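A.B. asks: I have a structure here, written as structure tokens, and I will follow up with some questions on it.
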Amino acid sequence: MFTAAIGSLMLTQVGIFYYIVEVYVIVVWVSTLIGFKFLEALIVNLFIIISHIIIISLYRTIPYEEAVIHLFILFASFTMGLVGGYIMEFYSRFNFEQQLDIEEMQKKLKEQANNDYLTGLYNRRYFNEIAQHFIKMAKREKNSLSIIMIDIDNFKYINDTYGHAIGDEALKLLAHLFKKYIRDSDIASRFGG
């Protein structure tokens, strides 16, 4: 920004005043295209305009009519820069929100693919994948590995006598107990159903 003000002063004193407008248009657009957001574009553009108005009023190196035209073009480039900055800000926020939505949906899809819908425990497919990993790791590190399988005796009798809703509640209660009492390093999954 300071360089732009010094450049304006030097170009004004040399008499190459008409080229400054093109330089400002380029500076404004480049500043928005390289990632300046609305606030940054506003600050840069305000600094350029204020410093230029001060230089024009102090040195008066061009006629009044030319100064008015020059300032009009400068304000037009300022407006384009702000619009560009606003558009960049808007799309950045929009894209960020979309990315968050996509990540949330991916997380839900992963949970749906890996977890049993009724109990919330891992499903058989996930268990088969993760078990292969644990078996290979146990072999490599020469550690022991335990797999415990539990079957509910006469579960068909519970469903037939009390209904599937009660059977589902029994499974949910058992799953809750597993989640509550197993270690963080343990994997509980549902094979049946």
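A.B. asks: Using a 1.4 angstrom probe on the protein heavy atoms only, could you order ILE152, ILE56 from most to least accessible area?
C.D. replies: Largest to smallest exposure gives the sequence ILE152, ILE56.
A.B. asks: Continuing with the same structure: What value does segment 99-193 have for Rg/Rh, both radii from Cα atoms and Rh as Kirkwood defines it?
C.D. replies: Looking at segment 99-193, the ratio lands at 1.05.
A.B. asks: I would also like to ask the following. What trypsin sites (Lys or Arg not before Pro) in segment 47-131 are in a loop by DSSP, with at most 16 other Cβ atoms within 10 Å of the Cβ?
C.D. replies: Taking segment 47-131 and a limit of 16 other Cβ atoms within 10 Å, the loop trypsin sites (Lys or Arg not before Pro) found are ARG60.
A.B. asks: Pulled fully out, how much extra length does the chain show between SER92 and GLU40, if you take 0.36 nm times their separation in residues and subtract their Cα-Cα distance?
C.D. replies: 17.3 nm
A.B. asks: Still on this structure: Which listed residue (TYR59, LEU71, LEU173) has the Cα farthest towards the positive end of the charge dipole for segment 56-193, taking +1 on Lys and Arg C-beta and -1 on Asp and Glu C-beta about the Cα centre?
C.D. replies: Comparing the listed Cα positions along the dipole, LEU173 ranks first.
A.B. asks: Shifting gears a bit: What net charge is computed for the residues neighbouring TYR162, neighbours being all others with C-beta under 11 Å from the C-beta of TYR162, Lys and Arg scored +1, Asp and Glu -1? Could the numbers behind the result be given before it?
C.D. replies: Values: positive: none; negative: ASP160, ASP168, GLU169.
Value of the local net charge: -3.
A.B. asks: Something else about it: By a straight-distance test (C-alpha under 28 Å), which lysines pair with LYS107 as possible cross-link partners, with residues fewer than eight away in the same chain excluded?
C.D. replies: LYS136, LYS172, LYS179, LYS180
A.B. asks: Could you tell me how far the Cα centroid of segment 85-116 sits from the Cα centroid of segment 155-193, in Å?
C.D. replies: The two parts, judged by their Cα centres, are 33 Å apart.
A.B. asks: Just the number please: accessible area per residue for segment 34-143, 1.4 Å probe, all protein chains included, in Å².
C.D. replies: 73
A.B. asks: Something else now. Determine the gain in length on full extension of the stretch ARG125-MET105; use 0.36 nm per residue of separation and subtract their C-alpha separation, reporting nm with one decimal.
C.D. replies: So the chain would gain 5.2 nm between ARG125 and MET105.
A.B. asks: Using a 7 Å offset from the Cα along the Cα-to-Cβ direction at both VAL68 and ILE166, what is the distance between the two label points in nm, to one decimal?
C.D. replies: Modelled inter-label distance: 9.3 nm.
The values are calculated or read from the model by the stated rules, or taken from the named source; none is laboratory data. This structure is a prediction, so every number in the text was calculated from the model and none was measured. All Cβ positions, even for glycine, are placed from backbone atoms using ideal geometry, and neighbour counts span all protein chains on display. When the accessible area is computed, the model is the full protein with side chains, heavy atoms only, and any ligands, DNA or RNA have been set aside. Shrake-Rupley method; radii C 1.70, N 1.55, O 1.52, S 1.80 Å.
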